[in-house]
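Asker: For reference, the structure I am asking about is given below.
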Amino acid sequence: MAAPSPLPALDDLTPEALIAARPFLKRHAQSGLLLEEVPLNAIADALGTPTWVYSAGTMRKRLAELTAALSGLDAHIHFAVKSNDHLAVLRLMAQGGAGADVVSGGELLRARHAGIAASNIVFSGVGKTADEIRLALSEGIYQLNVESAEELEMISAIASNMGKTADIVLRINPDVDAGTHAKITTGLADNKFGIQYQDAAALYAHAASLPGISPQGLALHIGSQILSMAPFRAAYARAAQLIRTLRASGHSVTRMDCGGGLGILYADEAEASPAAFAGVLRQEFGNMGLTLMTEPGRWLVGNAGLLLSSVILTKADGRFTVLDAAMNDLVRPAMYDAFHAIVPVGPGNNGPLHETDIVGPVCETGDTFARHRPMPSLNSADRVAILEAGAYGAVMSSTYNSRPLAAIAMVDGANWATIRARQSVESLWSGELIPEFLG
Ligand SMILES: Cc1ncc(COP(=O)(O)O)c(C=O)c1O
């Protein structure tokens with residue numbers, strides 16, 4: 001299992017250095033921190049905190065950059081809806097020409113609702129239910145990414161019953177270490193995902209003989225936040241080898257879904273480069289006459305979102321800074337020991353730095369966003385922005401400690417809009433019933 005990557009030297013991560021490394025953020029002398037052209041203070045004044053803020057311009061730019069890198073290849077981008085499933089984000093992706101990679105019936109319906117054509121949707125996931133398979137087939141999505149022999153039989157039975165033929169690809173498990181955090185590594189033989197590499201050729205042949213099934217190719221996804229091209233290259237080389245074997249046995253293989261996983265800057269990492277990624281695709285699959293797919297999530301939206309929060313209080317002489325955002329909002333630090341840059345929002349927060357633990361108010365020690373983080377002195381009601389929260393942020397929120405889901409705003413140039421109102425406290429129990437026998 002891969003160890004978590006070591007945290008960077010703290011001295012390099014002063015708030016001003018963190019802002020300088022992010023072109024979508026600027027500090028304005030009077031208004032404080034701006035995302036694109038919008039002062040974050042204006043959003044916090046209007047919506048309160050905690051509030052997620054997404055930059056439409058950044059998402060658009062990232063999608064255009066990846067699209068340009070892939071030009072010349074028959075390659076299609078399917079945005080991984082799990083990373084950020086907001087309708088406005090999905091609409092923006094659709095407008096930029098991306099399809100969707102979904103992992104549940106809910107995500108499929110969201111993607112459709114946001115305007116993504118069924119013919120642009122692929123469905124991954126290790127445990128699709130019969131209802132979800134029926135939904136996918138009745139919507140007529142592009143393909144189901146099959147993760148087991150058992151699932152293949154289920155799809156065959158359901159499709160035959162519906163009088164349909166399911167276009168499928170087999171998701172192989174290439175047994176390649178992505179070199180990322182163990183909890184987001186998905187392509188090792190030990191992981192639950194996909195079909196063991198050595199079993200895939202026989203299963204492909206079996207798929208071709210099943211009623212209601214039309215095998216189109218292969219898929220793989222080895223993990224997330226991958227910064228080096230080496231694991232991608234190793235996994236794709238194994239897939240290319242399998243495709244050659246299948247073709248030599250007379251099977252038609254026309255599609256290769258290359259998964260997601262491109263890593264982004266959180267601290268001071270060099271991001272995965274779309275050009276380098278496209279180079280690997282060209283090298284491994286370029287002359288094979290395949291339709292290629294990618295399923296990026298984090299790379300498209302991770303940097304484009306932040307979580308705006310206010311300081312409730314500082315305690316123990318500033319050793320702890322307690323925010324109104326918590327692990328129920330952004331769980332990544334608690335769940336993956338993830339590093340998130342945190343910067344003050346106010347115009348005046350640029351005095352001398354002191355180390356502080358930045359924590360939320362939830363009753364868990366794990367509710368800690370940062371340890372020993374150099375920050376200017378912060379006081380009650382000062383605001384901070386927790387950066388790189390656009391992927392696996394709001395989608396993973398819970399209402400733990402009866403904390404309502406935070407509001408979400410989207411900025412675009414100098415405009416901004418609320419794209420989700422803050423959940424009301426009453427709605428937290430609106431679906432709950434007290435049984436009669438309790439009186
Ligand atoms: C099958 C599949 N595709 C795509 C992704 C998106 O990954 P990322 O956000 O790292 O690009 C995931 C996420 O783990 C996934 O499981």
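Bear in mind these aren't lab numbers, they're just calculated from the coordinates by the rules spelled out. Here the structure is a predicted model, which means the values were calculated and not measured. No Cβ is skipped: glycine too gets one built from the backbone with ideal geometry, and neighbour counts run over all protein chains shown.
Asker: GNM, the chain, Cα, under 10 Å: largest mean-square fluctuation among Val122, Val425, Val38?
Answerer: Residue with maximal mean-square fluctuation among Val122, Val425, Val38: Val425.
Asker: Could you give the length gained on full extension between Ala270 and Ser71, defined as 0.36 nm per residue of separation minus the Cα-Cα distance, in nm? If you can, show how the numbers build up before the last one.
Answerer: Details: separation 199, 0.36 × 199 = 71.64 nm, distance 2.30 nm.
Computed gain between Ala270 and Ser71 is 69.3 nm.
Asker: What's the center-to-center distance, using Cα atoms, between the stretch 217-240 and the stretch 116-154 in Å?
Answerer: 22 Å
Asker: May I ask for the distance between the Cα centers of the stretch 246-271 and the stretch 346-415, given as a whole number of Å?
Answerer: 33 Å
Asker: Between Ala248 and Ala421, what length comes free when the chain is fully extended (0.36 nm per residue of separation minus the Cα-Cα distance, one decimal in nm)? All intermediate terms of the calculation are to be shown ahead of the outcome.
Answerer: On the way: separation 173, 0.36 × 173 = 62.28 nm, distance 5.60 nm.
Length gained, Ala248 through Ala421: 56.7 nm.
Asker: Next question. Report the dimensions of the chain along its three principal axes from the alpha-carbon atoms, largest first, rounded to Å.
Answerer: For the chain, the Cα extents along the three principal axes come out at 71, 62, 40 Å.
Asker: Round to the nearest 10 and give me the degree value, 0 to 90, for the angle of helix 197-209's Cα axis relative to the longest principal axis of the chain.
Answerer: Taking the Cα atoms of the chain, the angle to 197-209 is about 60 degrees.
Asker: When the helices in the chain are scored as -39500 (n - 2.57) per DSSP H run of 4 or longer and the sum is shared across all residues, what 222 nm value do you end up with, to the nearest 500 deg cm²/dmol? List each step's numbers first, then the result.
Answerer: Numbers: 12 runs with 124 residues, N = 439.
That calculation yields -8500 deg cm²/dmol at 222 nm.
Asker: Count the lysine pairs in the chain whose Cα atoms lie under 23 Å apart, taking only pairs 8 or more positions apart in sequence or on different chains.
Answerer: So the count of such lysine pairs works out to 9.
Asker: Using 19 Å as the cut-off for backbone N distance, which residues of the stretch 331-372 belong to the label zone defined by a point 7 Å from the Cα of Glu432 along Cα→Cβ?
Answerer: Of the residues in the stretch 331-372, 362-364 have backbone N under 19 Å from the label point off Glu432.
Asker: Can you bin the stretch 349-439 into rounded, prolate or oblate? Criterion: square roots of the alpha carbon gyration tensor eigenvalues sorted a ≥ b ≥ c, rounded for a/c under 1.5, prolate for a/b above b/c, oblate for the rest.
Answerer: Numbers: a/c = 2.75, a/b = 1.55, b/c = 1.78.
Since a/c reaches 1.5 but b/c is at least a/b, the shape of the stretch 349-439 is classed as oblate.
Asker: Suppose the chain between Ser160 and Ala64 were pulled fully straight at 0.36 nm per residue; how much longer would it get relative to their current alpha carbon spacing? Don't jump to the answer; show the numbers that get you there.
Answerer: Details: separation 96, 0.36 × 96 = 34.56 nm, distance 3.98 nm.
Full extension of this stretch gives 30.6 nm more.
Asker: Which residues' amide hydrogens lie under 5 Å from the amide hydrogen of Ala219, considering only partners 5 or more residues apart or on another chain, with H built in the peptide plane?
Answerer: Residues meeting the criterion, in which the H sits 1.01 Å from N, are Leu170, Arg171, Ile172, Asp257.
Asker: Highest mean first, how do 47-60, 229-242 rank when packing is the count of other Cβ atoms within 10 Å averaged over residues?
Answerer: Numbers: 47-60: 23.1, 229-242: 20.1.
Top of the packing list down: 47-60, 229-242.
Asker: Can you figure out the FRET efficiency of Glu16 with Val126, using R₀ = 51 Å and their beta-carbon distance, to the nearest 0.05? Walk me through the numbers on the way to the answer.
Answerer: Working: r = 44 Å, r/R0 = 0.86.
Efficiency for this residue pair is about 0.70.
Asker: Moving to a separate point now. Between rounded, prolate and oblate, where does the stretch 70-300 land on the alpha carbon gyration tensor, with a ≥ b ≥ c its root eigenvalues, rounded for a/c under 1.5, else prolate if a/b exceeds b/c? Don't skip to the end; give the middle numbers.
Answerer: Numbers: a/c = 1.58, a/b = 1.15, b/c = 1.37.
Oblate, because a/c is 1.5 or more while a/b does not exceed b/c.
Asker: Kindly identify the stretch 78-122 as rounded, prolate or oblate by the Cα gyration tensor criterion: order the square roots of the eigenvalues as a ≥ b ≥ c, call it rounded if a/c is under 1.5, otherwise compare a/b with b/c, prolate if a/b is larger, else oblate. Write down the numbers at each step before the final one.
Answerer: Details: a/c = 1.37, a/b = 1.17, b/c = 1.17.
Rounded, because the longest to shortest axis ratio a/c is under 1.5.
Asker: Could you size up the charge dipole of the stretch 70-300 around its Cα centre, putting +1 on the beta carbon of Lys and Arg and -1 on that of Asp and Glu, and report it in debye to the nearest 20? Write down the numbers at each step before the final one.
Answerer: Working: 17 positive and 22 negative charges, 78 e Å.
Magnitude of the dipole: close to 380 debye.
Asker: Where does helix 56-69 land angle-wise versus the long Cα axis of the chain, in degrees 0 to 90, nearest 10?
Answerer: Result, in degrees: 40.
Asker: For labels at His113 and Leu353 in the simple 7 Å Cα→Cβ model, what's the distance in nm?
Answerer: Placing both labels 7 Å beyond Cα along the Cβ direction yields 4.3 nm.
Asker: Find the relative contact order for the chain and round it to a whole percent, using C-alpha pairs within less than 8 Å whose residues are 6+ positions apart.
Answerer: On the way: 982 pairs, mean separation 87.6, N = 439.
Once divided by the residue count of the chain, the mean separation gives 20 percent.
Asker: Nearest 10 degrees is fine. How inclined is helix 149-162 to the longest principal axis of the chain, computing both from alpha carbons?
Answerer: Once rounded, the angle reads 70 degrees.
Asker: Please sort 276-289, 399-412 by packing, taking for each peptide the average over its residues of neighbouring beta carbons within 10 angstrom, highest first. Please report the intermediate quantities before stating the final value.
Answerer: On the way: 276-289: 16.8, 399-412: 19.7.
Top of the packing list down: 399-412, 276-289.
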